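Accompanying notes for the structure given below.
Bear in mind that the values in this text are calculations on the coordinates, not laboratory data. Please read these numbers as outputs of a predicted model, since none were measured by experiment. Neighbour counts are summed over all protein chains in view; Cβ atoms, including those assigned to glycine, are modelled from backbone coordinates with ideal geometry.
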């Protein structure tokens, strides 16, 4: 008898979208309370931050992400946050970050997703505490958590909510 190739459980559950395709930008909404951490933080930032970060986010999604060459504006994260990426901008001595995940397993979409799960800022020369990276990894895991049947569930902010935040910039 020949050996059968074993598929990983998530490969069986959902067909994979091509990571070579341009991505759709989405914003993670926590399913339990409807909070959108990235937009709530983003709304408190100066308009300059939005005007710098949003075009980079759009360019990364269109490139697509794995082919984007943006000179430090789009970077893979490591350690606790492996599998996440950040869009970066430095303005007036402050580093602004949009923390993202790439989702090629999302269902009922025509393109893979570049989902912003959170945002943060820090003064130039400072580092985030390890506890902050743990929080980010927990949000990543919450985003990818399957339902009771093992199907991917993605809780995304409605377009109207995203538009209302972006219109403030």
Filtered residues of segment 102-125 (kept if farther than 21 Å from residue 156 by Cα and either surrounded by 23 or more Cβ atoms within 10 Å (Cβ to Cβ) or in contact (Cβ under 8 Å) with a residue 12 or more places away in the chain (or both)): 121, 122, 123, 124
Boolean, residue 58 is touching a helix residue (DSSP H, G or I) at 6+ places or on another chain (Cβ under 9 Å) and assigned to a helix (DSSP H, G or I): no
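Please enumerate the residues belonging to segment 69-101 that are part of a loop (DSSP other than H, G, I, E, B), surrounded by fewer than 17 Cβ atoms within 10 Å (Cβ to Cβ) and in contact with a helix residue (DSSP H, G or I) (Cβ under 8 Å, 6 or more places away or on another chain).
Keep residues of segment 69-101 that are part of a loop (DSSP other than H, G, I, E, B), which gives 69-73, 77-78, 82-83, 92-93.
The next check asks that each one be surrounded by fewer than 17 Cβ atoms within 10 Å (Cβ to Cβ); those that pass are 69-72, 78, 82-83, 92-93.
Across segment 69-101, the qualifying residues are 70, 83, 92.
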Condition broken by residue 128, with the remaining ones in (1) farther than 23 Å from residue 15 by Cβ; (2) outside any loop (DSSP other than H, G, I, E, B); (3) in contact with a strand residue (DSSP E or B) (Cβ under 8 Å, 6 or more places away or on another chain) satisfied: (2)
